[in-house]
1. Are there trypsin sites (Lys or Arg not before Pro) in segment 1-50 that DSSP marks as loop and that have at most 16 other Cβ atoms within 10 Å, and which are they?
2. In deg cm²/dmol, rounded to 500, what helix-only [θ] at 222 nm does the chain give when every DSSP H run of at least 4 residues adds -39500 (n - 2.57) and the total is split over its residues?
3. Which whole-number percent of Cα pairs in segment 1-151 have a distance greater than 20 Å?
4. What does the extension gain come out to for ARG104 and ARG39, with contour length at 0.36 nm per residue minus their alpha carbon separation?
5. Say each of VAL95 and ASN9 gets a label point 7 Å from the Cα, pointing the same way as Cα to Cβ; how far apart are those two points in nm?
6. Between PHE77, VAL89, LEU128, whose Cα lies farthest towards the positive end of the dipole of the chain when Lys and Arg beta carbons carry +1 and Asp and Glu beta carbons carry -1, centred on the Cα centre?
7. For ALA20 and LYS154, FRET efficiency with R0 = 22 Å and r from the beta-carbon atoms, rounded to 0.05?
8. Would you please give the FRET efficiency between VAL27 and ILE59, computed as 1/(1 + (r/R0)^6) with r the Cβ-Cβ distance and R0 = 25 Å, to the nearest 0.05?
Amino acid sequence: MPGVKVTTNFFLVLTLAADAMVAVAVVLAVAALVSPRARATVLSLAAAVAPQSVLLAWIVATVTTLGSLYYSEHAGFVPCELCWYQRIVMYPLVVVLGVAWLRRDAKVWITVLVFVVIGAPLSLYHWLVERVPAFAESSSCSATVPCTAPWFEKLGFVTLAWMAMSSFLLIGVLMACSSVGTRAYQTMEPADTVAA
């Protein structure tokens, strides 16, 4: 089994890649609001990603779940109270997205959105508890496993809480692609059929 440092660097790379994808998605979404050309590009990209978006989201949820289990079961990082809450929201996504992928459920984004809307702000709050004294004072975490002390910090901001937030946000972006892309594909399909 790889060492904790190697594993953490691996998850750091995945987190930065997820952050980059989320940032690009946000920029494209804002551009789509103001530019018809950008809107067409976004719809085209979403339609291209949509067929695999549930599978990709399932992979993100699974890797996140396995990562959290690695840290607690192999590395000995005892989860704090806020970590447990994030796990409670992330772990069911492995099952929900896996079943949705097997059943080709295009409407799973509705269910997954609930988990993302709870999980991402919860992870952000945990990350703020780790850095902002005012948030730390409002936290009711235990003294033996404090929520205020991250097990590690990379690049000055990436902690386990940040990694969880990145996962939730990327899953949200993939579900947005699933929803928007499926609708865009369905509206383009009749026009393509007529043209043929």
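Every read-out reported here was derived from the displayed coordinates using simple, explicitly stated rules and does not represent laboratory data. Computed from a prediction, not measured in an experiment: that's the story for all the values here. Heads up, the Cβs are rebuilt from the backbone with ideal geometry, glycines too, and the neighbour counts pull from every protein chain shown.
1. Passing sites in segment 1-50 do not exist.
2. Calculated at 222 nm, the ellipticity per residue is -28000 deg cm²/dmol.
3. 60
4. Gain on extension, ARG104 to ARG39, equals 20.8 nm.
5. 3.7
6. Most positive-ward Cα: VAL89.
7. So the FRET efficiency works out to roughly 0.90.
8. 0.60
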